[in-house]
Amino acid sequence: MAPYRRPLDFNFKFPSNARNSSVLVSYYFKLGKPCFIMMKRSEYKGVHSGQICFPGGAEELKDKTPKHTAIRETFEEIGLVFEPENIIGALSSLYIPVSNFKVQPYVAYMYNEPIYNIDPLEVDSILEVSHEEILNDKNEELRTIKHSQGFELETPCFVFDHKVVWGASAMILAELKAILKLL
C-alpha cells in the first residue's frame, strides 16, 4: 500500500529530525464483529488536509510515552477516553516523508459502542470500518490521488463507502488486514 515505488531498503533508518507521532487503531464490537474507528480530517492548509486517517498526532512534552500521545490525541480529536490498559499491541512504525512524521500505530479496544465528541477544527467526520470491509479484497484499488500540495500520484488504496484511504493509513490497514487474516 505504499504510495511511493522505491526499492525495499532493509537499511532504512528514520531521519533523526523526524517528529514523533502516534495513532490509535481502536475498535469495538458491533453486532459481534470488530468495527474500527477512522476519521476524515477537516480541510485546512496542511499536507494531511481532508484525509481519512486514524486518530492521532504529534508527541508533546507532557506525553509520558508514545502510547500516551495516541491516547491524548484520540481524546482531543474524537472525544474517546482510553487508558494504557486498553492498548493490546503495536503495529509497525512508519515514516511519512511529506510531513516528516515517524508514526507509531497502537491497537486498542473499547468495551462499549463509542459516543463521539469530535473537534470540528480537526475532524470533519467519523468513518467506522468493519472487519469484513477490511478483509474484502474488492475494497482495494489503484487510484490517482490529487494531494493537497497540488501534485498527483498513482497509489494503492482502500475504498470504503466511496471514501479513499491511502498513504500511511492504508499501510496501517494493510498490516491490520494481514493480522486479521491470521485470526
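The values are calculated or read from the model by the stated rules, or taken from the named source; none is laboratory data. The shown structure was predicted, so the numbers you read here are calculated from the model rather than taken from an experiment. Because the Cβ atoms are built from the backbone with ideal geometry, glycine has one as well, and the counts that use them run over all protein chains shown. Note: areas computed on protein heavy atoms with side chains; ligands, DNA, RNA excluded. Shrake-Rupley method; radii C 1.70, N 1.55, O 1.52, S 1.80 Å.
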Subset of the range 106-115 that is under 17 Å from the mean Cα position of the chain (by Cα) and among the aromatic types (Phe, Trp, Tyr) - its residue that is most open to solvent (accessible area, probe 1.4 Å): TYR109
Subset of the range 126-180 [polar (S, T, N, Q), surrounded by fewer than 14 Cβ atoms within 10 Å (Cβ to Cβ) and under 21 Å from TYR28 (Cβ atoms)]: ASN136
Test result for GLY50, in a strand (DSSP E or B) and either at pLDDT 95 or above or touching a Ser or Thr at 6+ places or on another chain (Cβ under 9 Å) (or both): no
Contacts under 8 angstrom Cβ, first residue in the range 86-99 being within 27 Å of TYR111 (Cβ to Cβ) and among the small types (Gly, Ala, Ser), partner open to solvent by 20 Å² or more (accessible area, probe 1.4 Å) and not in a strand (DSSP E or B), 6 or more apart: SER92/GLU175
